[in-house]
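The values are calculated or read from the model by the stated rules, or taken from the named source; none is laboratory data. All figures in this text were calculated on a predicted structure; none of them were measured in a lab. Neighbour counts run over all protein chains shown; Cβ positions are idealised from the backbone, glycine included. Each accessible area value is taken on the protein alone, full model and side chains, heavy atoms only, with ligands, DNA and RNA left out. Shrake-Rupley method; radii C 1.70, N 1.55, O 1.52, S 1.80 Å.
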Amino acid sequence: MKLDKNYNANQFEPLIYALWEKNLVFKAKPENKKERFSMVMPPPNETGTLGVHHVLFLTIQDILARYNRLNNRDVLWLPGTDHAALAVNALIEKQLSKEGLSKHDIGRQAFLERTQEFVANSRGNMLNQMRSIGAGPDWTRLRYTLEDTSVRVVNETFLAMYQKELIYRGDRIVNWDPVLETTVSDDEVTYREEQTTLYYLQLGPFEITTVRPETKFGDKYIVINPKDQRYKDYKEGQEIEVDWINGKTKLTIIKDEAVDLNFGSGVMTITPWHSLIDYEIAKRHDLTYEQVIDFHGKLLPIAGEFAGETIAQARPKIIEKLRSKKLIIREDKNYKHQVAINSRSDALIEPQIRLQWFVDVNKKVIDWHHQLLSFKEVLQTVVKDHEIDIIPKRFEKTYFNWVDNLRDWCISRQIWWGHRIPVWYRTDMDQKQEIYVGLQPPIDDREGYNEWQQDPDTLDTWFSSALWTFSTLIDPALAENYQLDFRDLLNKSQDFITYHPTSILVTGWDIIFFWVARMILATTFMTGQVPFKSVYLHGLVRSIDGKKMSKSRPESLVDPLDVVKQYGADALRMGIIMGVSPGNDLVYSEERVRSSRNFCNKLWNISRFIENVSDDTIRPDHQFKTNNLVDRWLVVRLSQVQTMVLDYLDHYRFAEAYDLIYKFVWNDYADWYIETAKLNLNQTLLKDSLRIILKLVHPFMPFVSESIWQVLFENQDLLAQQVFEPIKINQDYLSDAEQFNQVRSLIVEAREVLQKTDSRGITLYYKKSAVVSELNPIIKRLAKLKDCIEVDDGEGWRLINTKFDCWLDIDPASIKKHLTSLKNQFDQYQQDIEKLQSRLDNVNYVSKAPKQLVDQTKLQLQELSNKREDLKQEITRFSRN
RNA sequence: GGGAUUGUAACUCAGUUGGCUAGAGUGCAGCAUUCACAUUGCUGAAGUCAGGGGUUCGAAUCCCUUCAAUCCCACCA
């Protein structure tokens, strides 16, 4: 087959991917007895398309999967997608509102159907995008967070926690999104700074401040810090009557430390129903409280004439009324404060008190290694004891900080898309409510009771995501059998037994709380195992201006498929991997993609060369047979590079591994070995070495490496199914390699001198040397010399950076032109020598530093001195002429 | 207010427990060219490792401090 001049990624990639799928390359094989490597893919949200950050985490995982396969391990990389309850729900509601509809108009059933259709569409799209960047998870095990098995496991978990009273129902203040009409977890709330007006209001003898006059209708208490000397005459429990927004009101004085003495006048009123700290104050003092704003964001009858209005409508009118009653003392129009926002819907959060389901994180009933611990303690223990390693380590601090401050987790949501809470209610004749919690709807219809009604709420998305590592390993066929209890279900699921706990989880540090911690929580509870042995946290992808890529700034978004089309998937993958180190953010730049594309092409052309010079009857023999010292140098390098790349990958240092391969292939293999091969063809070694290189490249650039493999080694299996092979080197290869390095220095210096002196067609003379004689044609060619001749004694410019004695026959006048730059070099040598000398003159250095290092310094000094002398001689010799 | 990270060439970043003359990619300058590759080759210029102090024989690396940037957590009624 004749190869094209340039590598055309688009032409090969779809074919190669199809080949992998056809051969079931990605399929895990629990039946074989290899060492295991397993990980689950963090399921991307089914909201539409993949972005560059997906390419990052998919590539890291793909590298790990392919690398471990090449290391002769049985690899399970399990793919899946997330139903993303809140995000998808918000999207669909937005669509509906564009059509002038609300979810209530179409009803729960139609809403869910519509959502399912949307999600199925996104999913197909996303899975194809994964393929097009070369990601190779086990497609036969594709999972989804809202499938039947998942429902079963969610319900099992809910039930088990409920039975241990780890899940409870209660009235609590929650983050309420009045637009989506649902609660939102603390972690999903973000804060935005807003400029607003701060009002100073007259409340009887006091001055209070507020940005939210609309919440002031329910005020019944005045809170003062007990330490505040200004109000020491007012006593706790004292009642005063004041004129307030809607007439006369009686208020009670409360003293509480939570009041900031320095804010405003140090006096506040509280609205416990709509503010967390107010709520806490109210709890402490056992105060009564009332709802002022309803769940749609409208004022309630307590607001009198403003009832039924939204906050936006009512606020100016309330201000007007306050003003006319002369209750406003002054206004600060430039007041800046943080407002709470739902990060998923962008709606303003209104704290509300509601009956919700919670996970108790402090109850000590979890049996973990024969100790009864709380969720919080389990979360602390597993990381402290290194049952789970966090990479990089510094995120342990963030993790502990969060866990230590963990509060009960509100898991119920009032949206429709998601796992339904497995709780049913009915009332008896006396209207007494009965509760049933179970895996499936209750069936007994006892007479005299109303029908069972399922709780209308759904569960927080992260509740099902938290079960991801083990719910995906449960056999779906077994999960249909509700006779089987949960223990048995786990213990009879082949994949669970084989692959859990998983080896590693690769995910972004931004969801360490949402997800990583909650996976640990739920998995330890349900399986008695940790979900994974380590967590690799990658950074966020930023656009070239250093900002986070986000949908709100469309110009910052890069469509991975566009890049694939232009440069190929391999180039995109490596363009992103080039900058990564664990936990650090990286900047996406097209330049890097381009450089990786060029590297693909380099590999391609190396292969073309080998293809062109190859005789098909010669087969590589895996023996790394060497003919001369360049061959032996190559084998030494190959072995070193392979060892280092594997070591880097073992430590998740992807960028370093790639960098090393890149440099080796380009600067050693192409620039030196291939060049010498043109004069000294060793066909078997060329093929042997290329085979090793392709294996090393494959985890990083699967397409181009497999394409080449298919062309050059077509009678073999797929590259994706190979394993690494050991490269044996004899001890004497090392000295040969060193000899070649000396020749390399010779050639580089010759080139440099020729360039600087602008000389061409020069002859090199060398003193008798077996090595130089052997490589004579190579030296002549690579240094572009006219000739290379052995002599008894040299003349011309003497080379000083090689241990071989050789001279360039350059016209003295040319050298003279460059004497200044040569003198600079001499000065540089002089400086370096002085530095080394002073180090050796230091008694402490000689006595305290490792002997090896001191010896090395001595050797360097010796070499440098020699060079300096040689250079000095040459300079004086040519200055004279 | 509590915490984390970052600061290295013009740009984007490597630099593993302190130890060769601090390295790449891109960009820049010069030169080359039918012979695998212009998505090329060769050669080169370019750095006060943010500033200051300390520990050490030795610091880009460890400690303290100042400055700058980014982010997380907690919050102001």
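A few comments on the model shown:
- Approximate spin-label separation A:K94-A:S759, in nm, with each point projected 7 Å along Cα-to-Cβ: 7.0 nm
- Modelled spin labels at A:K235 and A:K817, positioned 7 Å past Cα toward Cβ, are 10.5 nm from each other.
- Among A:459-472, A:300-313, A:81-94, the peptide with the highest mean count of other Cβ atoms within 10 Å heads the list, and the full ranking is A:459-472, A:81-94, A:300-313.
- Mean shadow area of chain A over all directions, Cα convex hull, nm²: 52.1 nm²
- For segment A:424-577, the fraction of C-alpha pairs more than 26 angstrom apart is 55%.
- Cα centroid of segment A:254-310 to Cα centroid of segment A:647-705, whole Å: 68 Å
- One chain, two ends: A:E194 and A:Q371. Fully extended at 0.36 nm per residue, the span grows by 58.9 nm beyond their Cα-Cα distance.
- Whole-percent carbon and sulfur share, accessible surface of segment A:272-371, 1.4 Å: 51 percent
- Per residue, in Å², the accessible surface of segment A:305-396 once ligands and nucleic acids are set aside, probe 1.4 Å: 53 Å²
- Cβ crowding within 10 Å averaged over residues, with A:584-592, A:61-69, A:269-277 ranked highest first: A:61-69, A:269-277, A:584-592
- Only DSSP H runs of four or more residues enter the estimate; each adds -39500 (n - 2.57), and after division by the residues of chain A the mean residue ellipticity at 222 nm equals -13500 deg cm²/dmol.
- Cross-link reach list, aspartates and glutamates versus A:K364, counting only Cα pairs under 18 Å and skipping chain neighbours closer than eight places: A:E165, A:E377, A:D404, A:D408
- Alpha carbon centroid spacing (whole Å) that separates segment A:836-881 from segment A:95-159: 70 Å
- Taking only Cα atoms of segment A:1-110, radius of gyration then Dmax in Å: 20.7, 64
- Whole-number accessible area per residue in Å² for segment A:1-121, which is evaluated in the context of all protein chains at 1.4 Å: 43 Å²
- In segment A:124-227, trypsin sites (Lys or Arg not before Pro) in a DSSP loop with at most 14 other beta-carbon atoms within 10 Å: A:K164, A:K227
- Note: relative contact order over chain A, using C-alpha pairs below 8 Å and six or more positions apart, is 13 percent.
- When you filter the trypsin sites (Lys or Arg not before Pro) in segment A:814-874 for DSSP loop state and at most 13 other Cβ atoms inside 10 Å of their Cβ, you are left with A:K817.
- Just the protein heavy atoms count here, and of the accessible area of segment A:1-123 at 1.4 Å, carbon and sulfur take up 52 percent.
- Relative to the longest principal axis of the Cα atoms of chain A, the long axis of helix A:819-841 lies at roughly 70 degrees.
- Calculated accessible area for segment A:629-739 comes out at 34 Å² per residue, all protein chains present (probe 1.4 Å; ligands, DNA, RNA ignored).
- Cβ-Cβ distance of A:Q731 and A:K492, R₀ of 51 Å, FRET efficiency by 1/(1 + (r/R0)^6): the value works out to about 0.40.
- Reach of A:K317 by Cα under 15 Å, taken over aspartates and glutamates that are not fewer than 8 positions away in the same chain: A:E214, A:E305, A:E309
- Under the Karplus curve 6.51 cos²θ - 1.76 cosθ + 1.60, θ = phi - 60°, whole-Hz ³J(HN,Hα) for segment A:149-158, x wherever Gly or Pro sits: 4, 5, 4, 4, 5, 4, 5, 4, 5, 4
- Only protein atoms count toward the accessible area here, which uses a 1.4 Å probe; on segment A:767-874, the carbon and sulfur part of that area reaches 48 percent.
- Cα→Cβ-extended label distance, 7 Å offset, between A:A670 and A:D228, nm: 7.3 nm
- When each of A:K835/A:K858; A:K227/A:K336; A:K602/A:K678; A:K602/A:K687; A:K756/A:K872 is checked by Cα-Cα distance, pairs over 21 Å: A:K227/A:K336
- Partners for A:K33 among aspartates and glutamates (Cα-Cα distance below 12 Å; same-chain residues under 8 apart left out): A:D74
- In range of the label at A:K27: residues from segment A:104-141 whose backbone nitrogen is under 17 Å from the point 7 Å along Cα→Cβ: A:136-141
- C-alpha center-to-center spacing [segment A:13-84, segment A:448-476] in angstrom: 27 Å
- Using the Cβ-Cβ distance between A:Y425 and A:A307 with R0 set to 30 Å, the FRET efficiency works out to roughly 0.45.
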